[in-house]
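Below: the structure, in structure tokens.
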Amino acid sequence: MPELPEVETVRCGIAPHLEGHRLAHVAVRRKDLRRPLPEGLSARLEGRTVVAVERRAKYLLIRTDDGAVLIVHLGMSGRITILGPGKAPPPGPHDHVDLVTDAGVTLRYTDPRRFGLMDLGDAGSLGDHPLLAGLGPEPLDEAFTGRVLADRLSGKNGPLKTALLDQTVVAGLGNIYVCEALYRAGLSPRRKAGTVRGARGERLAGAIRAVLDEAVAAGGSSLRDYRQASGDLGYFQFSFAVYGRAGQACPACDCDVAKTGGITRIVQSGRSTFFCAKRQR
């Protein structure tokens, strides 16, 4: 599933083609994705001008001039592709929604597995929308500090890795970037979440921001279905220190892999966790 860097990369890619442009045509080719699409979606959006394209956690927020907000989640296999004027081919069976601007640009939402979703919210009460209410702080905001992170983790006795995947603790983090951030911070995914405070909290908050910033700069990570809105792949997967590298040597250790087994893979809450048992405590 696309995580924060992938969604932010898509946002950056589509914003110049939407912001300030009128939606001349909105084609909706099915009634549902993961959940039913809003009734009258085309009529609500057609003729409106997009005033901003934002992101909250793993959601894209497309705001229009009448106060409507199109909320988009890409799910497991969803993607948005930019097709220039006259360059949009006939839609295929998995091309579910087109946003066509007054400049003739088509932004096509494709989702073979249909695990994504679209909903409409109102700008005046967006924070209360069921999809967005209760989300934790944005890790790329300047206000996200070690102290803020420690406060969100305080009193939690479960594993640190599991706590960081909780979207009410920190918004937008997923399996890949939690593994990578914990590695950089030198913290074990098995550590009790509530023990992360003080210097540990600052170290982890800094590692989260650094990993996310680098991933956004690399266009995200392309492991299966994800592509940027331009159609290009992301490249951060070539920078993974631990994720998907079970049994290999970690970049910062001089241990003998033949004796230690290298990077360890365990399962936590049904998700694979990769870490260096020597470096991460």
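The values are calculated or read from the model by the stated rules, or taken from the named source; none is laboratory data. Predicted, not measured: the structure shown is a model, and the values here were computed from it. No Cβ is skipped: glycine too gets one built from the backbone with ideal geometry, and neighbour counts run over all protein chains shown.
Restricting the stretch 103-135 to residues that are in contact with a helix residue (DSSP H, G or I) (Cβ under 8 Å, 6 or more places away or on another chain) and either in contact (Cβ under 8 Å) with a residue 40 or more places away in the chain or not aliphatic (A, V, I, L, M) (or both), which is nearest to ALA171 (Cα to Cα)? Steps first, answer last, please.
Residues of the stretch 103-135 in contact with a helix residue (DSSP H, G or I) (Cβ under 8 Å, 6 or more places away or on another chain): 103, 105, 107, 118, 120, 132-133.
Next, only the ones that are either in contact (Cβ under 8 Å) with a residue 40 or more places away in the chain or not aliphatic (A, V, I, L, M) (or both) stay: 103, 105, 107, 118, 120, 132.
Values: ALA103: 34, VAL105: 31, LEU107: 26, MET118: 19, LEU120: 20, LEU132: 10 Å.
Going through the qualifying residues, I end up with LEU132.
If I go through the stretch 157-178 residue by residue, how many of them are closer than 18 Å to ARG203 by Cβ and in a loop (DSSP other than H, G, I, E, B)? Walk me through it before giving the result.
Of all residues in the stretch 157-178, those closer than 18 Å to ARG203 by Cβ come to 159-161, 163-164, 169-170, 173, 177-178.
The next check asks that each one be in a loop (DSSP other than H, G, I, E, B); those that pass are 169-170, 173.
Within the stretch 157-178, residues that are closer than 18 Å to ARG203 by Cβ and in a loop (DSSP other than H, G, I, E, B) number 3.
Is it the case, given these coordinates, that GLU39 is loosely packed, with under 14 Cβ neighbours inside 10 Å, more than 19 Å from THR110 (Cα to Cα) and out of contact with any Lys or Arg (no Cβ under 6 Å at 6 or more places or on another chain)?
Working: loosely packed, with under 14 Cβ neighbours inside 10 Å: yes; more than 19 Å from THR110 (Cα to Cα): yes; out of contact with any Lys or Arg (no Cβ under 6 Å at 6 or more places or on another chain): yes.
Yes, satisfied.
Under the condition of being of a type in the set (Gly, Ala, Ser) and out of contact with any strand residue (DSSP E or B) (no Cβ under 7 Å at 6 or more places or on another chain), which residue from the stretch 21-65 is farthest from VAL97 (Cα to Cα)?
Just the residues of the stretch 21-65 that are of a type in the set (Gly, Ala, Ser), to begin with: 24, 27, 40, 42-43, 47, 52, 57.
Those still in the list that are out of contact with any strand residue (DSSP E or B) (no Cβ under 7 Å at 6 or more places or on another chain) too: 40, 43, 57.
Numbers: GLY40: 13, ALA43: 13, ALA57: 22 Å.
Looking at the filtered set, the residue picked out is ALA57.
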Candidate set from the stretch 218-243 (those that are more than 24 Å from ALA15 (Cα to Cα) and touching an Asp or Glu at 6+ places or on another chain (Cβ under 9 Å)); member that is surrounded by the fewest Cβ atoms within 10 Å (Cβ to Cβ): SER239
Residue check for GLU138: of a type in the set (Asp, Glu), out of contact with any helix residue (DSSP H, G or I) (no Cβ under 9 Å at 6 or more places or on another chain) and closer than 26 Å to ILE208 by Cα: no
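Here's the yes/no breakdown for (1) in contact with a helix residue (DSSP H, G or I) (Cβ under 7 Å, 6 or more places away or on another chain); (2) aliphatic (A, V, I, L, M):
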site	(1), (2)
GLU3	yes, no
GLU6	no, no
ILE14	no, yes
GLU19	no, no
LEU23	yes, yes
VAL26	yes, yes
LEU37	no, yes
SER42	no, no
VAL51	no, yes
Qualifying residue in the stretch 274-281 (condition: loosely packed, with under 14 Cβ neighbours inside 10 Å, assigned to a loop (DSSP other than H, G, I, E, B), at pLDDT below 95 and touching a helix residue (DSSP H, G or I) at 6+ places or on another chain (Cβ under 9 Å)): no
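Working carefully through the options VAL100, VAL7, find the one that is within 30 Å of THR168 (Cα to Cα), in contact (Cβ under 8 Å) with a residue 40 or more places away in the chain and crowded, with 18+ Cβ neighbours inside 10 Å.
VAL7
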Checking PRO89 against (1) free of Cβ contacts under 8 Å to residues at least 60 places away in the same chain; (2) touching a Gly at 6+ places or on another chain (Cβ under 9 Å); (3) in the same structural domain as THR9 (by TED's automatic domain parsing); (4) not β-branched (Val, Ile, Thr), the condition it does not meet: (2)
